[in-house]
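The values are calculated or read from the model by the stated rules, or taken from the named source; none is laboratory data. If you're wondering where the values come from, they're calculated on a predicted model, not measured in any experiment. Heads up, the Cβs are rebuilt from the backbone with ideal geometry, glycines too, and the neighbour counts pull from every protein chain shown. These area figures cover heavy atoms from the full protein model, side chains too; ligands, DNA and RNA do not enter into them. Shrake-Rupley method; radii C 1.70, N 1.55, O 1.52, S 1.80 Å.
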Amino acid sequence: MLDYLWLYLIAITAFPALARLRREYQRRQRLLDLEKKRGSRLITLIHRQETMSLIGIPVSRYIDIEDSEAVLSAIRMTPSETPIDLLLHTPGGLVLAAELIAEALRKHPGPVRVLVPHYAMSGGTLIALAATEVVMDANAVLGPVDPQIGEYPAASILRAMERPNPNRDDRFLILADLAEKALRQVKETVLGLLEGRMEPERAAVLADALTQGYWTHDYPISVEQARGMGLPVSTDMPTEVYELMALYPQQGMRRPSVEFVPVPYGPQPGTSPHPPTREPGSR
């Protein structure tokens, strides 16, 4: 019986590890297959609500500085003429981290496509604004990028300041000052990302709508609404993206939220970094 007990303990320890290795291998192969099919560098930025394996406490994942370091590393390894596909599934995160990723994507000379199979809220939407094309599932959503000061929306803090109240303390006045700066800074960031991609008047309207607190921070912006705002949105989502997403289930163990094939890419002899195109009417 003791021998069987040891075999059981070994099995329940080894099987999850083997399953995790198999899933990681499958993800890597799907990444390579999609890159080959689309002629691009594919980067995933996927956040789910993870659960710690021992005590079962849910831990929300979001865009952080480690994510931005990993994404910027992938961009540096990508030749300037090679398109980038960024698969986004995130509730948002640190403004600084999202801005670093968005600015790096904006500076990439090749085409940049952001793929949103489900949602890319807040900082995810900020990143999507840097793309030359946003590919969304027909039911996927983006979200406002209005800044949050602690637990409060910056725009709501300023609106509260407009109402007379002689009992405000210095802390609230400081929050109002920070809120004003945050709103201005994020709007300037959005305008910078849209510069050269949209008419200045339309870019100003879009930046104002996304940053000035007209909606709650979790307001879902649909495909139709995003198009109405002037964003270059397509719904031509490759089927392989959904298959790849299925390989990122919620897990008990923490895993990296950014993944890419960590090797510098360069054009191979006799090949083009872009997928071949066909003339209209050709077979």
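Open to solvent by less than 20 Å² (accessible area, probe 1.4 Å), without any contact (Cβ under 8 Å) to a residue 40 or more places away in the chain and farther than 18 Å from Ser222 by Cβ: is that true of Val112 in this structure?
When the stated conditions are applied, Val112 passes them.
Just to check your reading of the model, which residue among Thr51, Thr13, Thr44 is under 14 Å from the mean Cα position of the chain (by Cα) and either of a type in the set (Val, Ile, Thr) or at pLDDT below 75 (or both)?
Thr44
What single numbered condition from (1) among the charged types (D, E, K, R); (2) open to solvent by 80 Å² or more (accessible area, probe 1.4 Å); (3) not in a helix (DSSP H, G or I) fails to hold for Asp33?
Every condition holds for Asp33 apart from (3).
Any chance you could count how many residues in segment 107-116 are within 14 Å of Ala74 (Cα to Cα), touching a strand residue (DSSP E or B) at 6+ places or on another chain (Cβ under 9 Å) and either of a type in the set (Lys, Arg) or not in a loop (DSSP other than H, G, I, E, B) (or both)?
Residues that pass the stated criteria total 1.
Scan (1) open to solvent by less than 60 Å² (accessible area, probe 1.4 Å); (2) modelled with pLDDT of 85 or more; (3) touching a Ser or Thr at 6+ places or on another chain (Cβ under 9 Å); (4) not basic (Lys, Arg) for the single condition Asp218 breaks and write down its number.
(1)
If I ask for residues that are open to solvent by 20 Å² or more (accessible area, probe 1.4 Å), touching a helix residue (DSSP H, G or I) at 6+ places or on another chain (Cβ under 8 Å) and not in a helix (DSSP H, G or I), which ones from segment 65-106 would you list?
Residues satisfying the conditions are Pro91, Gly93, Leu94.
Which of the following residues is small (Gly, Ala, Ser) and within 14 Å of Leu87 (Cα to Cα): Ala154, Ala130?
The conditions single out Ala130.
Pick from segment 126-153 the residues that are open to solvent by 10 Å² or more (accessible area, probe 1.4 Å) and among the small types (Gly, Ala, Ser): which of them is modelled with the lowest pLDDT?
So, considering only residues that are open to solvent by 10 Å² or more (accessible area, probe 1.4 Å) and among the small types (Gly, Ala, Ser), the one modelled with the lowest pLDDT is Gly150.
Mind counting the residues in segment 162-184 that are farther than 26 Å from Leu96 by Cα and in a helix (DSSP H, G or I)?
Within segment 162-184, residues that are farther than 26 Å from Leu96 by Cα and in a helix (DSSP H, G or I) number 1.
Return the pair list, or none, for Cβ contacts closer than 6 Å from residues in segment 165-194 that are touching a residue at least 24 places away in the same chain (Cβ under 8 Å) to residues that are open to solvent by 20 Å² or more (accessible area, probe 1.4 Å) and part of a helix (DSSP H, G or I), at least 6 apart or on different chains.
Within 6 Å, the pairs are Ala179/Leu158; Thr189/Glu99; Leu193/Arg106.
Take segment 227-237 and flag every residue that is farther than 12 Å from Asp137 by Cβ and either assigned to a helix (DSSP H, G or I) or in contact with a strand residue (DSSP E or B) (Cβ under 9 Å, 6 or more places away or on another chain) (or both).
Residues satisfying the conditions are Arg227, Gly228, Met229, Leu231, Pro232.
Find the residue count for segment 76-89, including only residues that are more than 16 Å from Leu32 (Cα to Cα) and touching a strand residue (DSSP E or B) at 6+ places or on another chain (Cβ under 6 Å).
Adding up the residues that qualify gives 2.
Going by the conditions given, is Ser234 in contact (Cβ under 8 Å) with a residue 40 or more places away in the chain, of a type in the set (S, T, N, Q) and surrounded by 15 or more Cβ atoms within 10 Å (Cβ to Cβ)?
The answer is no for Ser234.
Can you find even one residue in segment 75-85 that is farther than 23 Å from Met245 by Cα, without any contact (Cβ under 8 Å) to a residue 12 or more places away in the chain and basic (Lys, Arg)?
Within segment 75-85, one or more residues are farther than 23 Å from Met245 by Cα, without any contact (Cβ under 8 Å) to a residue 12 or more places away in the chain and basic (Lys, Arg).
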